[in-house]
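Visitor: Before I ask anything, here is the structure I am working with.
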Amino acid sequence: MPRDTQQIIQTAFIRLLNQKPLDRITVKDIVSECNVSRNTFYYYYQDIYALLEQVLLDETEQALQVDFTDSNWPEGVIRSAHFALRNRRAIYHIFRSDGRRFLERYLNRVVGEVVGRYVRQQAADIHPDEKDVRLVTMFYRKALTGIMMDWMAHGMKDDPEQVIRRLGQLLDGNIRRILLASVEKKRNES
């Protein structure tokens, strides 16, 4: 039952976010929308930002359900973009509010996990320097997160799936080549 109540509150919150800015949504609005008491809301969430963070954490878990193979790393990133597309106005309202930091954290976590899994998969059989693995992961995480934040800042007009898939095609093999260069560098230093 508790998870059902949380889901009802989250769904009502997303519905409200699709209608008006985050800064104009109150706890009273949320409890009216989903017909629960204020006490029930506060039992589960400290405030609206805690609710927002939980919604984005749940979406993170959904996006990371992808089983990665050599070439499908874009799927996890695409899944995170689908939430944004389904809730375009809600994301716009979050992006233009104090809640933006939670959105950035969400994107960093999803993209970081997706890229990190992929980089580690590419590194598994060649054993590059661990510092280089972390550096490559950070570079691609920041690049992809930046692209998605830029996409949001410009009104989410382009199809993110198309952009991410194209980027995946352009980057195909690059991460492995970088990691192989790390191995070569390590060999030359020995």
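Readers should treat all values here as calculations from the given coordinates under stated rules, not as data from a laboratory. Note that the structure is a prediction, hence the values are computed from the model and not measured. We place every Cβ from the backbone using ideal geometry, glycine too, and count neighbours over all the protein chains shown.
Visitor: What does the charge add up to near Asn108, with Lys and Arg as +1, Asp and Glu as -1, over the other residues with Cβ less than 11 Å from its Cβ?
Guide: Numbers: positive: Arg101, Arg105, Arg109, Arg141, Lys142; negative: Glu104, Glu113.
Neighbour charge sum, excluding Asn108 itself: +3.
Visitor: Grab every C-alpha pair in the chain, bin the distances at 5 angstrom width from 0 up to the longest one, and report whole percents.
Guide: Using 5 Å bins, I get a P(r) of 1, 7, 15, 17, 15, 12, 10, 8, 6, 4, 2, 1, 0, 0 for the chain.
Visitor: Next question. In sequence order, what are the phi-derived ³J(HN,Hα) couplings for the stretch 144-160 according to the Karplus relation 6.51 cos²θ - 1.76 cosθ + 1.60 with θ = phi - 60°, rounded to whole Hz, with x for glycine and proline?
Guide: The phi angles translate into 5, 4, x, 4, 5, 5, 5, 4, 5, 4, 9, x, 6, 7, 6, 6, x Hz.
Visitor: Step through the residues of the stretch 108-116 one at a time and calculate ³J(HN,Hα) from phi using the Karplus curve (6.51 cos²θ - 1.76 cosθ + 1.60, θ = phi - 60°), rounding each to whole Hz and writing x for Gly and Pro.
Guide: The phi angles translate into 4, 5, 5, 5, x, 5, 4, 5, x Hz.
Visitor: Can you work out the Karplus-derived ³J(HN,Hα) for every residue in the stretch 118-134? Use 6.51 cos²θ - 1.76 cosθ + 1.60 with θ = phi - 60°, whole Hz, and x for glycine or proline.
Guide: 5, 4, 5, 4, 5, 8, 3, 9, 10, 6, x, 4, 4, 4, 5, 4, 5
Visitor: Just want the ordering: Val36, Val119, from fewest to most Cβ atoms lying within 10 Å of their own Cβ. Show your work: numbers first, answer last.
Guide: Working: Val36 17, Val119 26.
In increasing order of surrounding Cβ atoms, one gets Val36, Val119.
Visitor: While we're looking at this one, here's another question. If packing is taken as the mean number of other Cβ atoms within 10 Å per residue, what is the order of 7-14, 182-189, 42-49, highest first? Spell out each step's value before the answer.
Guide: Values: 7-14: 18.2, 182-189: 12.0, 42-49: 14.9.
Highest-to-lowest ranking by the protection proxy: 7-14, 42-49, 182-189.
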